[in-house]
Amino acid sequence: MKALLTFLVATGLAFSLQAQEVQQVPLIEVQGYSVKSVSPDEAVFYINLEEKSMKVTDATKMLNTKTENLANQLKKSKIRDYKLVADNYSVNINRIYRSGVSRDSGYVARQSLQIITKTTNEDLQKISDAIQDAGDMSFNLSFRVSEATTKSMENTLMREALLDAQSKANLIAETLGIRTIRVFHVSLDQPASPLPVMRMMADGAQAESAKMMIAPDGQKIEKRVYVKFTY
């Protein structure tokens, strides 16, 4: 026990001395920033399915049938270059609240579907039609920058952000008459993915909906770095 207390005290003193040392180091602290405008290259149809029944097997069967109908309708429409992704499958008790009292009324099965394709795909309208022809489904269509595109720009953004930080530090040093500076510490922001742009909502009752007007807005990918220089 004494050994543990001695270790903790020693560690605390070491951290305290290190903090005091850092405070005594003369620093120039700057933020580097870079940003790139990029056009979305992925179109994503988000579909949420839900079925209720008194039996688990019936609820899941109806849900699976809807998913199969959609997959078959997409194939029937001969849509090119797309990916159908199913996830977030769940089956829960369908609990109903009335007048402050809850009671169980069968089961509810849920599943999320995504149809992912390129924004340049000429079959976007056909995908929308296929969803509505597949049954009672609602969907959202959004445009986003793909993960591959974001990663391909990561190094360029970081380099430009670091150069921006260096330029700001040099300007401060030159203005204040500081002859030389050197890097003391660098930290990075967590990479942030650009938010998808929601463009359209539709449900099964709109089978006669007008043709979609596709015009994805440009998005920005940014990078921030924080650099401490000492002199």
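For the reader, a short list of remarks on this structure follows.
- Failed item in (1) touching a residue at least 24 places away in the same chain (Cβ under 8 Å); (2) surrounded by 16 or more Cβ atoms within 10 Å (Cβ to Cβ), with LYS55 passing the rest: (2)
- Lone unmet requirement of (1) open to solvent by less than 70 Å² (accessible area, probe 1.4 Å); (2) more than 30 Å from ASP189 (Cβ to Cβ); (3) in contact with a strand residue (DSSP E or B) (Cβ under 7 Å, 6 or more places away or on another chain) for MET62: (1)
- Applying the set (1) among the hydrophobic types (A, V, I, L, M, F, W, C); (2) open to solvent by 60 Å² or more (accessible area, probe 1.4 Å); (3) modelled with pLDDT of 95 or more to ILE28 leaves exactly one unmet item: (2).
- Unmet requirement for TYR107, which otherwise passes all of (1) open to solvent by 40 Å² or more (accessible area, probe 1.4 Å); (2) part of a loop (DSSP other than H, G, I, E, B): (2)
The values are calculated or read from the model by the stated rules, or taken from the named source; none is laboratory data. In this text, all values refer to a predicted model and were calculated from it rather than measured experimentally. Please note: Cβ atoms are built from the backbone with ideal geometry, for glycine as well, and neighbour counts cover all protein chains shown. Areas reflect the complete protein model, heavy atoms only, side chains present, ligands, DNA and RNA absent. Shrake-Rupley method; radii C 1.70, N 1.55, O 1.52, S 1.80 Å.
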